[in-house]
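We did not get these values from a lab; they are worked out from the coordinates using the rules stated. Source: prediction; values computed, not measured. Don't worry about glycine lacking a Cβ; one is built from the backbone with ideal geometry, like all the others, and counts go over all protein chains shown.
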């Protein structure tokens, strides 16, 4: 439900602030072996849409929706600005990748909990809206949605 990265490399939506700290702490984003913090940021629909198109992906698993519970607002990257121009893809060159600035759509968060939800009806309306918006942006359905670290707290698309 948000983006993480291990190691160096481009990460346009990385949050080097309290948002990144919040996502990392609540999402337990630490390396299993090293204990190092993973890089965290808002969901990058541009990168995911590109991966869906290039790889012929027919559905995604959207995990850790519960990490976003209680946030007043949630941002989703819908495009990039590169040298003053709007683009809808991650450029191939490292230099251009380093210069892209994410363009965000801000969505209303939800106060209810998604943790432990096992059906769409168990989710707050805004959480469903968030998932549906991601599907629209990436051009693929969410085939599996996890709502907690527990194996059974999973919603399968029907």
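Here the simple spin-label model places points 7 Å from the Cα toward Cβ, and for residue 34 and residue 136 these points are separated by 3.9 nm. GNM on the chain, alpha-carbon springs under 10 angstrom: the most fluctuating residue among 87, 74, 134 is 87. Take the alpha carbon atoms of the stretch 87-113, find their center, do the same for the stretch 4-48, and report the distance between the two centers in whole angstrom. Result: 13 Å between the Cα centres. Treating the angle as unsigned and between 0 and 90°, give the value, to the nearest 10°, between the Cα long axis of helix 45-55 and the longest Cα principal axis of the chain. Rounded to the nearest ten degrees, it is 90. Which residues does a label at residue 115 reach in the stretch 8-31, if reach means a backbone N under 14 Å from a point 7 Å past the Cα toward the Cβ? Backbone N within reach: 25-28.
At an R0 of 35 angstrom, the distance between the Cβ atoms of residue 152 and residue 57 translates into a FRET efficiency of 0.90. Quick one: helix 125-138 against the long Cα principal axis of the chain, what's the angle to the nearest 10°, folded into 0 to 90? Once rounded, one gets 40 degrees. Only Cα sites of the stretch 62-131 enter the Debye sum here, all with the same form factor; the resulting log10 I(q)/I(0) across q = 0.19, 0.23, 0.28 1/Å is -0.76, -0.90, -1.17, listed in q order. Name the shape class, rounded, prolate or oblate, that the alpha-carbon gyration tensor gives for the chain, where a ≥ b ≥ c are the square roots of its eigenvalues, rounded holds for a/c under 1.5, and otherwise prolate holds if a/b is larger than b/c and oblate otherwise. Prolate.
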